[in-house]
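Please treat every number below as a calculation from the coordinates, not as lab data. These figures come from a predicted structure and were not determined experimentally. Cβ sites come from the backbone with ideal geometry, for glycine too, and all protein chains shown count toward neighbours.
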């Protein structure tokens, strides 16, 4: 008899985290402030930012949305970030991506005060993560994935994790974060050969490559834990992840769904990072 995997419910887990965060903020009587910098008027970005703002308000964090014109110059945008760095009322700063093609994101990430870098994408926080410093602000998606893995109550020490995808936002920081948890890490990417064979040796699979329904059950070893980071549209227009959920659920021991998995956890961790940044700035 085939036993289906237990679902790692990111929506439920994130609601619990946000409720605990709201209680902390209410008890302290403070109001941390998050500044979101958005360039242009992309509908997708506006929806995403509004959702962040709504979630922030629910836990007691003020979320300021700063929308700059599509034709803003690199120097103008960098000066805007410098001004936010100097503003003592602002506790967290994020740059909504993607940016228009004429703008470079790396100089902006390098410019954000690392104590206000609540996305955790800047070089100082990435370096602190590599050094296992408790002062590191960990990128929200990897931080959320770790919480999801811990929610299974499986001992992570020594587990072989295969990460599909090497982005600066997920794959690379997640590899370091899980290495700090004493996991053994294999990072794969578009040039990796024999990918299904490599994945089949993993105790934990994290799919973050942006390929709809790519990971099938025959890629997995029996009882693997599967975290699906992908958000895609199938050929039928249905929202789906990088893992073929209906196929993989019969072989995994735990699996995260799309939607309702990593996405809500990312938002919860961003809010937690903002509150922790506020606390650190207050000493």
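Roughly speaking, what is the stretch gain from residue 246 to residue 231, that is 0.36 nm per residue apart minus the C-alpha to C-alpha distance, in nm to one decimal?
Once the chain is fully extended between residue 246 and residue 231, it gains 3.8 nm.
Which value does Rg/Rh take for the range 230-271 over its C-alpha atoms, Rh per Kirkwood?
1.03
Hey, what D do you get for the range 139-263 in µm²/s if you plug the Kirkwood alpha-carbon radius into Stokes-Einstein at 4 °C and 1.567 mPa s?
Roughly 92 µm²/s, to the nearest whole number.
Percent relative contact order of the range 202-283, based on C-alpha pairs within less than 8 angstrom and at least six residues apart?
29
Return the distance in nm (one decimal) between the two label points of a simple spin-label model at residue 282 and residue 131, each offset 7 Å from Cα along Cα→Cβ.
2.7
Would you mind computing the Rg to Rh ratio of the range 129-180 from its alpha-carbon coordinates, Kirkwood style for Rh?
Here Rg/Rh amounts to 0.94.
How far is helix 10-28 tilted, in degrees, relative to the longest principal axis of the Cα atoms in the chain, given as a value from 0 to 90 rounded to the nearest 10?
Once rounded, one gets 30 degrees.
When the helix-only estimate is applied to the chain (DSSP H runs of n ≥ 4, each -39,500 (n - 2.57), divided by the residue count), what is the mean residue ellipticity at 222 nm, nearest 500 deg cm²/dmol?
-12000 deg cm²/dmol
I'd like the antiparallel share, as a percent to the nearest 5, of DSSP beta bridges with both residues in the range 139-263.
10
Between residue 200 and residue 7, what is the label-to-label distance in nm when each label sits 7 Å out along the Cα-to-Cβ direction?
3.0
Starting from the Cα of residue 76, step 7 Å along the direction of its Cβ; do the same at residue 46; then give the gap between the two resulting points in nm.
1.9
Given R₀ = 45 Å, what would the calculated FRET efficiency be for residue 154 paired with residue 106, taking r from the Cβ atoms and rounding to 0.05?
Once the sixth-power term is evaluated, E becomes 0.80.
In degrees between 0 and 90, to the nearest 10, how far off the longest principal axis of the chain does helix 74-86 point, with axes built from Cα atoms?
For 74-86 against the chain, the angle is about 80 degrees.
Relative to the longest principal Cα axis of the chain, at what angle does helix 140-150 sit, 0 to 90 degrees, rounded to 10?
Between the helix axis and the principal axis of the chain, the angle is about 40 degrees.
What ranking do 197-205, 101-109 get when scored by the average of other Cβ atoms within 10 Å per residue, highest first?
So the order, starting with the most tightly packed, is 197-205, 101-109.
Once the Cα gyration tensor of the chain is diagonalised, what are the square roots of 5 times its eigenvalues, in whole Å and ordered largest first, as equivalent ellipsoid semi-axes?
After scaling each eigenvalue by five and taking roots: 33, 21, 18 Å.
Just check the range 30-128 against the gyration tensor rule for me: Cα atoms, a ≥ b ≥ c as the square roots of the eigenvalues, rounded for a/c under 1.5, and otherwise prolate or oblate depending on whether a/b exceeds b/c.
Oblate is the answer for the range 30-128, as a/c is 1.5 or above yet b/c matches or exceeds a/b.
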